[in-house]
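Below is one structure; the comments refer to it alone.
The values are calculated or read from the model by the stated rules, or taken from the named source; none is laboratory data. These numbers come from a predicted model, not from an experiment. Every residue, glycine among them, receives a Cβ derived from its backbone with ideal geometry; neighbour counts consider all protein chains shown.
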Amino acid sequence: MSRVVIPGSTLPPRSKPTVAIAIVFFSTVAISMLNYVTSNIVGAVLIGILGALVIVGTIVLYLRNRERHDDADLFLHRVHGILGWPDPHRGQVVPSKYRGSWVGKPTQLKVVYNPLADEEVPEMLAEIRRLAKRQFGTTFKIVKHKKSTVIMVASGTSAVERDRDEKIERSKLIVSKTFGSSAKTTVDTEAVTRQVDGKTITSTKVTRISVKYEVAPKLSRSGVRASVESQISGVLEGRWRAFWDLPNDTFWMEPRPELPNVIPNPFVAPEIVDPLATYDDLAVPVGMDEDGNTISWRPKQDPHFLTTGKTGKGKTVCELGVIGFLAGHGWEIWGIDGKRFEMLGLRTWPNVKLIAGRIDHQARVAHEVYEEMQRRMAAYEAGSIRLEEFVPILFVIDEFKTFRNALLRWYRMVKPKGASTQPPVLDEISDIASLGRKMRIHIMNGLQRPDADFLTGDQRDNYTFRVSWGRISADAAKMMWNSYTTGTTIPTTAKGRGIAYNKQGQAVEVQGFWTPDPYQTDAEHPERWVFPGDLTIVENMRPKKRIHDLVKIVDLEDDIIGVDEKGKPIYADYGHHMDTALINAGDPELIERERKILGDAEGDARREKLAAKVALLERIQIEEEEQEISDETEMFSGYSPAIDQFPEELLIDGDLRAEGILILVDEDSDTWGLVEFAEEDEEDITFSYRDFATGDPGSKTIPTGNTLITRSPVAGED
């Protein structure tokens, strides 16, 4: 076999076994001759054969070791340049524990680098391992690293062991490049088995990366921590979450647990119903977080509930679940169905007083809840009742913006002369939010997008329990969660997935409980169900006891309620509509039947006139319904137009000038990044960001003096 010649090598030549062979040869000849002289011919022959074998063995071992030494010397010359020593020396790389074929390959390497080169240790170790694999044909892992000496051993022989070792080493390298070589890293793994085309495939999954780092005051800044999280999670497989223990200089990351796509609502209505006894400790379950903890709304603690989300993301399903749960516990339920059809299945539900569909009825319901609050306050002030004797009320407002838009338009038709341009019921709802808690009246308000009316000023403190469903814009995230990133990375394909506060007050990802609409869960038409178990869920949730009877609004018989002193007709105004009577609705089944056949009724002129009035009110609601906006349109909601800026203009004293700044990362693909952190040096600025569309982390370096396209959050009212 031809030998590799390394030009310019300063390594001293290795000794050859010439002297040893000569000694063996002459010793063998001398001993054989002595045996021959003493007539011991057999002994002489045996000694000769033994000597020959020793000589042959010595030559063979020399040739094998020469191949090993050549491999070691070649590897030493390849890595010498990064070890930091002035000249190569064989003590810098010591291979051992060979295995394999005759020459074999080492399974252990001892590498000694110059202590003065420790600034480049992470990169150095990665390059040493790469060159070792290239030279010896196997992957090595570091088992010991003390001072400037590194012990590496060959990875396991099986594919699973090699996969595990490679992922461990890669994780450690990532951490070293982020925290520095002084950080101590522990990587936990587990074997994952799956079936592929009938074959069992086993691979390794990293389950936790723990880091003990040297104290770093800059990590107290949330932007720096976010940058660290982005750098590490961005090069790992899957979606990760980070945890910090700043007092103990500890950081760890774990893969985000996989949440199921559907979690059937587990609630079963209780047999014993006592809304007064259960009020203080009642927790209304809305979903489950990544760790399997139930996320619940506690009305006694958080008076009002704000839930947001576009159509199909889980908002209405959440509302159905909350109404079903509280009705099952004997609460009195009043509601406004902004779209007129989202809560059809609950309009005759036990303990539901009234869920209004028409805009005039919706205003009447809101006014009635306000009036009930006033009656309770008067009774309490008079000393005729104690606070704990009030039966709790849930007031549901679904699609508040649609309700408000339709209300404003309808109010212009019925506004009394000289009255305020603002419908009084809007102020009444605001008063309920401020004062209702004391009277055990609680609002659940549903919006497609966060609204500054509820998330600024005094109202912000009233709606302390919140859930956003689906991916939200950065502007919406700032209003809901006081962060431009929370909720912006929810998977777009996950229905019923959102963000809520857990018991510790942290915003966490949740999967909402699936609650079917009873209206779409007819036992005779299972083909209309969404999931096979929908009817069971509805039957389990149906209240066992009816405490509160259904009521209905007695509509005005005519828009003309009389004539004035001049004989001119007096038309019903807003006040007359708010004074309409509420009476017991009677048999719920008869009401349901009447509702279904109402559209088929024909006959007298009065019914035709009523039908025309209803048609007008419905047209108002349809035309004023809040329009869905596309993700692209919502993406830059709350942001300024794009402008060119120098990167240094985005900083003040090295820190970001403001939260939520967007930079154009790739002009060709129109990719924008939400900046989390910036690092400035003499020649350029590096921005750590999250892709504004996908939430994936990344970074972009801009030389100072160059410009980039940016958008900034528009300052809103606080």
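Filtering segment 88-111 to residues that are touching a helix residue (DSSP H, G or I) at 6+ places or on another chain (Cβ under 8 Å) and exposed (fewer than 13 other Cβ atoms within 10 Å of the Cβ) leaves only Trp102.
For every residue, the table says whether it meets (1) modelled with pLDDT under 80; (2) within 26 Å of Tyr113 (Cα to Cα).
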{"site": "Lys141", "(1), (2)": "yes, yes"}
{"site": "Met152", "(1), (2)": "no, yes"}
{"site": "Val160", "(1), (2)": "yes, no"}
{"site": "Asp165", "(1), (2)": "yes, yes"}
{"site": "Lys172", "(1), (2)": "no, yes"}
{"site": "Lys184", "(1), (2)": "no, yes"}
{"site": "Val187", "(1), (2)": "no, yes"}
{"site": "Asp197", "(1), (2)": "yes, no"}
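Count of segment 237-287 residues, restricted to those that are free of Cβ contacts under 8 Å to residues at least 24 places away in the same chain and hydrophobic (A, V, I, L, M, F, W, C), is 6. Residue pairs whose Cβ atoms lie under 8 Å apart, sitting 6 or more positions apart in sequence or on different chains, and linking a residue in segment 297-318 that is within 14 Å of Arg466 (Cβ to Cβ) to a partner that is surrounded by fewer than 18 Cβ atoms within 10 Å (Cβ to Cβ) and polar (S, T, N, Q), are Asp302/Thr464; Pro303/Thr464; His304/Thr464.
For beta carbons closer than 9 Å, sequence separation of 6+ or different chains, a first residue in segment 220-234 that is in the same structural domain as Ile174 (by TED's automatic domain parsing) and a second that is among the charged types (D, E, K, R) and part of a helix (DSSP H, G or I), the qualifying pairs are Val224/Lys218; Gln231/Lys177. Of all residues in segment 594-630, those satisfying the criterion of being part of a helix (DSSP H, G or I), charged (D, E, K, R), surrounded by fewer than 15 Cβ atoms within 10 Å (Cβ to Cβ) and modelled with pLDDT of 65 or more are Arg619, Glu623.
The condition of being over 26 Å from Phe531 (Cα atoms) and of a type outside the set (Gly, Ala, Ser) holds for only one of Pro285, Pro270, Pro260, Pro303, that being Pro303. You will find that of Arg460, Arg449, the residue that is of a type in the set (Lys, Arg), without any contact (Cβ under 8 Å) to a residue 40 or more places away in the chain and outside any strand (DSSP E or B) is Arg460 and no other. Identification of strands (runs of 3 or more DSSP E) wholly contained in segment 644-693 with 3 or more residues that are in contact with an Asp or Glu (Cβ under 8 Å, 6 or more places away or on another chain) yields 671-680, 684-691. Restricting attention to segment 134-159, the residues being surrounded by fewer than 15 Cβ atoms within 10 Å (Cβ to Cβ) and in a helix (DSSP H, G or I) number 2. Going through (1) of a type in the set (A, V, I, L, M, F, W, C); (2) within 15 Å of Ala500 (Cα to Cα); (3) touching a helix residue (DSSP H, G or I) at 6+ places or on another chain (Cβ under 9 Å) one by one, Ala452 falls short only on (2).
If you check every pair at least six apart or on different chains, which have Cβ atoms under 6 Å apart with a residue in segment 525-544 that is assigned by TED's automatic domain parsing to the domain that holds Phe325 first and a residue that is at pLDDT 95 or above and among the β-branched types (Val, Ile, Thr) second? Filtered contacts from segment 525-544: Asn540/Val268. Looking across segment 85-104, the residues that are out of contact with any Asp or Glu (no Cβ under 8 Å at 6 or more places or on another chain) and closer than 15 Å to Leu131 by Cβ come down to Pro88, Gln92, Val93. The condition of being of a type in the set (Val, Ile, Thr) and part of a loop (DSSP other than H, G, I, E, B) holds for only one of Ile490, Ile537, that being Ile490. Only one of the numbered conditions (1) under 20 Å from Leu276 (Cα atoms); (2) in contact with a helix residue (DSSP H, G or I) (Cβ under 6 Å, 6 or more places away or on another chain) is not met by Glu342, and that is (1). Of everything in segment 357-404 that is closer than 21 Å to Thr278 by Cβ and hydrophobic (A, V, I, L, M, F, W, C), the residue that is surrounded by the fewest Cβ atoms within 10 Å (Cβ to Cβ) is Leu387.
Scan segment 96-109 and give yes if some residue there is in a loop (DSSP other than H, G, I, E, B), over 29 Å from Thr186 (Cα atoms) and of a type in the set (Val, Ile, Thr), otherwise no. Taking every residue of segment 96-109 in turn, at least one turns out to be in a loop (DSSP other than H, G, I, E, B), over 29 Å from Thr186 (Cα atoms) and of a type in the set (Val, Ile, Thr).
Looking at Val286, Val322, just one residue is assigned to a helix (DSSP H, G or I) and either under 20 Å from Ile547 (Cα atoms) or assigned by TED's automatic domain parsing to the domain that holds Glu388 (or both), and that residue is Val322. The one condition from (1) of a type in the set (Phe, Trp, Tyr); (2) closer than 21 Å to Thr486 by Cβ; (3) touching a Gly at 6+ places or on another chain (Cβ under 9 Å) that Phe636 does not meet is (3). List the number of the failed condition for Arg437; all other conditions in (1) closer than 24 Å to Gly338 by Cα; (2) under 24 Å from the mean Cα position of the chain (by Cα); (3) basic (Lys, Arg) hold. Among (1) closer than 24 Å to Gly338 by Cα; (2) under 24 Å from the mean Cα position of the chain (by Cα); (3) basic (Lys, Arg), Arg437 violates only (2). Could you say whether any residue in segment 255-267 is touching a helix residue (DSSP H, G or I) at 6+ places or on another chain (Cβ under 9 Å) and either among the hydrophobic types (A, V, I, L, M, F, W, C) or modelled with pLDDT under 90 (or both)? Yes, segment 255-267 has at least one match. Set side by side, the residues Glu123, Glu119, Glu127 differ, and just one is among the acidic types (Asp, Glu), assigned to a helix (DSSP H, G or I) and at pLDDT 80 or above, which is Glu127. For the criterion of being closer than 18 Å to Val352 by Cβ and not hydrophobic (A, V, I, L, M, F, W, C), Asn540 passes.
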